[in-house]
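Every number in this text was worked out from the coordinates using simple rules, so none of it is lab data. In this text, all values refer to a predicted model and were calculated from it rather than measured experimentally. In this analysis, Cβ positions are derived from the backbone assuming ideal geometry, glycine residues included, and neighbour counts consider all displayed protein chains.
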Amino acid sequence: MQELVITNLHANVEGKEILKGVNLTIKSGEVHAIMGPNGTGKSTLSAIIMGHPKYTVTEGSIKLNGQEVLGMEVDERAKAGLFLGMQYPSEIAGITNSDFIRAAINSTSETKESLIKYIRRLDSAITDLKMDSDMTSRYLNEGFSGGEKKRNEILQLKMLKPKFAILDEIDSGLDIDALTVVGQNLTKEMEERSGEFGMLLITHYQRLLDHIKPTHVHVMLDGRIVKTGGSEIVERLEVEGYDRYKEEHGIEDVKEKRVSIGNCATSLGVNGNGSNN
Ligand code: ADP
Ligand code: MG
């Protein structure tokens, strides 16, 4: 059994506290969903799990099977079995998708996979994802549509077979058919490897969770997980939004809070909605 344990995680970006004590334990066989309004720190949490240098962790720990992850470089985290499917995947000209994925496999796994076996697996994964076969010979994400980039993240997941995958808004940019395909592929991955694979899905919408059933649902507000439960939370959010959770936890809207601390009041007046996204 695999276990990813996040304890009392606090983190800053540019001196601003974003994560304010996140606690989360994910085990293999589990599908966790984090839902929360824009700007609450969901992408921050995923980037920190993977080791993005932009963020400073000020307190807490992230342990993978008992081993502290926070001191590790990004490549060491990937070797240890962590995978991040990004909200905004980068385009990299000059390296083909196929070469990129093969290099990633070779640098994260102990054993070297033969080229024949690799191509066979890649072809089969491309077919499963209903992607065009020329996607493998094109440069990584270059000119890919939003939906193609997201499918490509799932292709990497299928090929790399990580212990834990964090998928940050993997559903954004996907049309309804693509969403079904991605959901089916993630469900299949989980069924085939449930003893050694766990997932963290970050999403705004119920629609992805219709295709891949979460075992745990968390509501994140203002840098903390304020509620954990099952699918009933998703249904409640669809109907009521986040206001009820905000009230229950005494969390003010970003706009009110910023004004109350006398910060950015002028710029809030300009953009008018207090949104920082
Ligand atoms: P979410 O994914 O939940 O929408 P993010 O984790 O992307 O939220 O962002 C959390 C907060 O961190 C936002 O208020 C965002 O503006 C802020 N933030 C992210 N990067 C920076 C940065 N470089 N400087 C200042 N604030 C940042
Ligand atoms: Mg985000």
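Over the chain, dividing the summed -39,500 (n - 2.57) contributions of all DSSP H runs of at least 4 residues by the number of residues returns a 222 nm mean residue ellipticity of -11500 deg cm²/dmol. The fewest-to-most ranking of Ile176, Ile18, Ile166 by surrounding Cβ atoms within 10 Å reads Ile176, Ile18, Ile166. Taking amide H atoms as placed 1.01 Å from N in the peptide plane, the amide H of Gly85 lies under 5 Å from those of Ile166, Leu167, Asp168, each 5 or more residues away in sequence or on another chain. Extending 7 Å from Cα along the Cβ direction at Ala93 and again at Lys54 yields two label points whose distance is 2.3 nm. Length gained on full extension, Val74 to Asp175: 33.2 nm, using 0.36 nm per residue less the C-alpha separation. Starting from the amide H of Gly198, placed 1.01 Å from N in the peptide plane, find each other amide H under 5 Å away whose residue is 5 or more places distant or on another chain. Close amide H contacts, sequence-distant or interchain: Gly29, Phe164, Ala165. Label separation (Ile119 vs Gln184): 2.7 nm, computed from points 7 Å beyond Cα along the C-beta direction. Phi-derived couplings, Karplus 6.51 cos²θ - 1.76 cosθ + 1.60 at θ = phi - 60°, listed residue by residue for the range 242-250: 9, 4, 4, 5, 4, 5, 4, 9, x Hz, with x used for Gly and Pro.
Exposure proxy for Arg224, Arg244: other Cβ atoms within 10 Å of each Cβ, ordered fewest to most, give Arg244, Arg224.
Listed from fewest to most Cβ neighbours within 10 Å, the set Met1, Met131, Met50 follows the order Met1, Met50, Met131. At 0.36 nm per residue, minus the direct Cα-Cα distance, what do Asp128 and Glu247 gain on full extension? Give it in nm, one decimal, please. The span from Asp128 to Glu247 would gain 38.5 nm if fully extended. Taking 20 °C and 1.002 mPa s as conditions, the chain diffuses translationally at an estimated 109 µm²/s according to Stokes-Einstein applied to its Kirkwood radius (Cα pairs).
Label separation (Asn23 vs Ser231): 2.8 nm, computed from points 7 Å beyond Cα along the C-beta direction.
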